[in-house]
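Here the structure is laid out as structure tokens; the discussion comes afterwards.
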Amino acid sequence: MTYDRGPHDLGAGCSAWLLPEGGWAESNTGLVRGDGESLLVDTLYDLGHTREMLAAYAPLTADHPIRTLVNTHSDGDHWFGNQLVAGEGVEIIASRAAAGLMTQHAVDEMAALPHRQDQVGEFIRPIAAKFDLRGIVPAPPTRTFSGRLDLDVGGREVRLVEVGPAHTAGDVLVHVPEAGVVYTGDIVFVGGAPLVWTGPVSRCIAACDEILGLEPAVVVPGHGPLTDGAGVRRVRDYLDHVATEATARFRAGLTVEEAVDSIDMTPFDDMSERGRIAANVLNVYEELDPARPRSGRLEQFGRIAALELRVQA
Ligand SMILES: [Zn+2]
């Protein structure tokens, strides 16, 4: 999918900064400008990318400095660059559930992945090579909330809607009603397959319905090019398909691996990062079988890596 790296004007004081190809850790950010101040939606996975993004926004923020930073969720590609925005007079906001995961431990964990001598390491090394996690000092939220939070950004109304647990424990949508813009975080991927780390899938589907209910003119996904309701429905269709097919295979006694191998995903062949199906099916199985121990990020990543490396081979 071809789209331009950098800032995009969405009208009514809203912008997005996009990072092609929208793959692993190649995330987007948003900027909402009001009278004399701005709100930034997310930072990027490392300091270099975050600096580049802030420099591109600089002409827009010169007279409207960033006073609020909202992190849509706790994955590093949406907050590791926070320290370049943090400081006196800047409020950093995330859901309470997300904030609990935005720690030094999270940085260390991601920095260690490329050094692993297993399939996770093998899979992550070419991705990690595009980024530089050195120098990251966590700048966690200074304000947290649950449910909903309405903000006034220099006279512009910005609504935060917690939809997690879904993709992660504490996902938040950023809605700018008068602009018809929704910044979705990783509830929406465009081009790449959806990914359910925490779930359950039903809550990811509900989050899609929440976005569609806002009838947005522009949807800024966590990764990939700009979209609208059609892009959200595509994510919803994928999740619905995987949930239905995985549930049928669970009831028929198939293992997770057998389910992953036998679900017909040809309607979604145009998506990249197809190995995410391994984590998504596992999530459905865990929801249907409460006795099954919940897997951690490393096991989920391991299953995705194994599938991606098999496809690449
Ligand atoms: Zn992301």
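Among DSSP beta bridges lying fully in the stretch 145-295, give the percent that are antiparallel, nearest 5. Write down the numbers at each step before the final one.
Working: 14 of 19 bridges.
Roughly 75 percent of the beta bridges in the stretch 145-295 run antiparallel, per DSSP.
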Exercise. Between Val163, Val172, Val242, find the one with the highest GNM mean-square fluctuation for the chain; connect C-alpha pairs within less than 10 Å.
Key: Val242
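Ranked highest first by the average count of other Cβ atoms within 10 Å around their residues, in what order do 64-77, 147-160 fall?
Working: 64-77: 23.9, 147-160: 15.8.
Top of the packing list down: 64-77, 147-160.
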Quiz item: What is the distance in Å between the Cα centres of the stretch 97-123 and the stretch 173-239?
Solution: 25 Å
Self-check item: Helix axis angle, 201-213 relative to the chain longest principal axis, alpha carbon, degrees
Solution: 40 degrees
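Indicate, rounded to the nearest 5 percent, the antiparallel portion of the DSSP beta bridges found entirely in the stretch 1-129. Working shown, then result.
Values: 13 of 20 bridges.
Restricted to the stretch 1-129, the bridges split so that about 65 percent are antiparallel.
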Self-check item: Inter-part distance where the stretch 1-64 and the stretch 274-305 are each reduced to a Cα centre, Å
Solution: 32 Å
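Would you mind classifying the chain by shape? Square roots of the alpha carbon gyration tensor eigenvalues, ordered a ≥ b ≥ c; an a/c under 1.5 is rounded, otherwise it is prolate if a/b is larger than b/c and oblate if not.
Details: a/c = 1.78, a/b = 1.48, b/c = 1.21.
Prolate, since a/c reaches 1.5 and a/b exceeds b/c.
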Quiz prompt | For the chain, share of DSSP beta bridges that run antiparallel, in % to the nearest 5 | solution = 65 percent
Quiz item: Against the longest alpha carbon principal axis of the chain, how many degrees, from 0 to 90 and to the nearest 10, is the axis of helix 277-288 turned?
Solution: 80 degrees
Exercise. Select from Ala248, Gly185, Leu113 the residue farthest towards the positive end of the dipole of the chain; place +1 on Cβ of Lys and Arg, -1 on Cβ of Asp and Glu, and compute about the Cα centre.
Key: Leu113
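Determine the calculated [θ] at 222 nm for the chain from helices alone, applying -39500 (n - 2.57) to every DSSP H run no shorter than 4 residues and normalising by the residue count; nearest 500 deg cm²/dmol.
On the way: 9 runs with 109 residues, N = 313.
Using -39500 (n - 2.57) per qualifying helix, the result is -11000 deg cm²/dmol.
Each reported figure results from applying straightforward, stated rules to the coordinates on display, with no laboratory input. Note that this is a predicted model, so its numbers are computed, not measured. Quick reminder, even Gly has a Cβ in these numbers, built from the backbone with ideal geometry, and neighbours come from all protein chains shown.
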